[in-house]
1. Answer yes if at least one residue in the range 73-82 is open to solvent by 70 Å² or more (accessible area, probe 1.4 Å), of a type outside the set (Gly, Ala, Ser) and modelled with pLDDT of 95 or more, and no otherwise.
2. Given the criteria of a type outside the set (Asp, Glu) and either surrounded by fewer than 11 Cβ atoms within 10 Å (Cβ to Cβ) or under 20 Å from residue 90 (Cβ atoms) (or both), does residue 39 qualify?
3. For residue 84, state whether it is in a helix (DSSP H, G or I) and in contact (Cβ under 8 Å) with a residue 24 or more places away in the chain.
4. Step by step: first the residues of the range 1-17, then only those that are part of a strand (DSSP E or B) and under 19 Å from residue 96 (Cβ atoms), then the one that is most open to solvent (accessible area, probe 1.4 Å). Which residue is that?
5. State whether the residues of the range 50-70 include one that is at pLDDT below 95, open to solvent by 40 Å² or more (accessible area, probe 1.4 Å), farther than 18 Å from residue 113 by Cβ and in a loop (DSSP other than H, G, I, E, B).
6. Looking at the structure I just gave you, is residue 46 surrounded by 18 or more Cβ atoms within 10 Å (Cβ to Cβ) and modelled with pLDDT of 95 or more?
7. Can you name the residue in the range 30-49 that is touching a residue at least 60 places away in the same chain (Cβ under 8 Å) and outside any strand (DSSP E or B) and, of all such residues, is nearest to residue 66 (Cα to Cα)?
8. Give me a count of the residues in the range 93-114 that are under 17 Å from residue 5 (Cβ atoms), assigned to a strand (DSSP E or B) and in contact with an Asp or Glu (Cβ under 9 Å, 6 or more places away or on another chain).
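The values are calculated or read from the model by the stated rules, or taken from the named source; none is laboratory data. All figures in this text were calculated on a predicted structure; none of them were measured in a lab. Positions of Cβ are generated from backbone atoms using ideal geometry, with glycine treated the same way; all protein chains shown enter the neighbour counts. Just the protein is used for accessible areas: all its heavy atoms, side chains included, with ligands, DNA and RNA removed. Shrake-Rupley method; radii C 1.70, N 1.55, O 1.52, S 1.80 Å.
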Amino acid sequence: QVQLVESGGGLVQPGGSLRLSCVASVIAFNIRTIHWHRQAPGKQRELVATITSAGTTYYVDSVKGRFTISRDNAKNTAYLQMNSLKPEDTAVYYCRLFVPTRDYWGQGTQVTVSS
């Protein structure tokens with residue numbers, strides 16, 4: 001059974017930082033591509049960042065230069081370091097990975113950026 005558990009969300013002031021973690025209970029974590037998504041109230045869920053098994057990364061334009069995705073295969077964990085946070089980053093953040101034949105999602109962690 002595949003399980004993903006996110007943590008690290010919270011309330012932070014604009015300009016602040018948070019690091020999200022996604023711990024995966026899955027076979028062969030090291031070969032999996034990991035994605036971080038977010039969903040703000042009233043908006044569609046969007047892809048924020050991706051990291052492949054080789055360490056190749058992708059970021060949506062709105063977070064480039066501020067967010068960093070990484071992974072620690074020894075800990076079956078992916079991270080999303082978020083710096084220079086803005087109010088528009090407020091959302092529930094989810095991690096996702098694909099194991100044939102379906103996607104698996106975590107339960108999400110709330111990030112609120114507000115003064």
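1. First pass over the range 73-82, keeping only residues open to solvent by 70 Å² or more (accessible area, probe 1.4 Å): 74-75.
Next cut, of a type outside the set (Gly, Ala, Ser) only: 75.
This time we only want the ones that are modelled with pLDDT of 95 or more, so: 75.
There is at least one residue in the range 73-82 that is open to solvent by 70 Å² or more (accessible area, probe 1.4 Å), of a type outside the set (Gly, Ala, Ser) and modelled with pLDDT of 95 or more.
2. Numbers: of a type outside the set (Asp, Glu): yes; either surrounded by fewer than 11 Cβ atoms within 10 Å (Cβ to Cβ) or under 20 Å from residue 90 (Cβ atoms) (or both): yes.
It is true that residue 39 is of a type outside the set (Asp, Glu) and either surrounded by fewer than 11 Cβ atoms within 10 Å (Cβ to Cβ) or under 20 Å from residue 90 (Cβ atoms) (or both).
3. Working: in a helix (DSSP H, G or I): no; in contact (Cβ under 8 Å) with a residue 24 or more places away in the chain: yes.
Criteria not met by residue 84.
4. Step one: filter the range 1-17 for residues part of a strand (DSSP E or B), giving 3-7, 10-12.
Remaining after also requiring under 19 Å from residue 96 (Cβ atoms): 3-7.
Details: 3: 109, 4: 12, 5: 79, 6: 9, 7: 58 Å².
The qualifying residue most open to solvent (accessible area, probe 1.4 Å) is 3.
5. no
6. Against the criterion (surrounded by 18 or more Cβ atoms within 10 Å (Cβ to Cβ) and modelled with pLDDT of 95 or more), residue 46 does not qualify.
7. Among residues in the range 30-49 that are touching a residue at least 60 places away in the same chain (Cβ under 8 Å) and outside any strand (DSSP E or B), the one nearest to residue 66 (Cα to Cα) is 33.
8. So in the range 93-114, the residues under 17 Å from residue 5 (Cβ atoms) come out as 93-97, 99, 103-111.
Retained after the next criterion (residues that are assigned to a strand (DSSP E or B)): 93-97, 99, 103-105, 109-111.
Adding the requirement that they be in contact with an Asp or Glu (Cβ under 9 Å, 6 or more places away or on another chain) leaves 93-97, 109, 111.
Of the residues in the range 93-114, 7 are under 17 Å from residue 5 (Cβ atoms), assigned to a strand (DSSP E or B) and in contact with an Asp or Glu (Cβ under 9 Å, 6 or more places away or on another chain).
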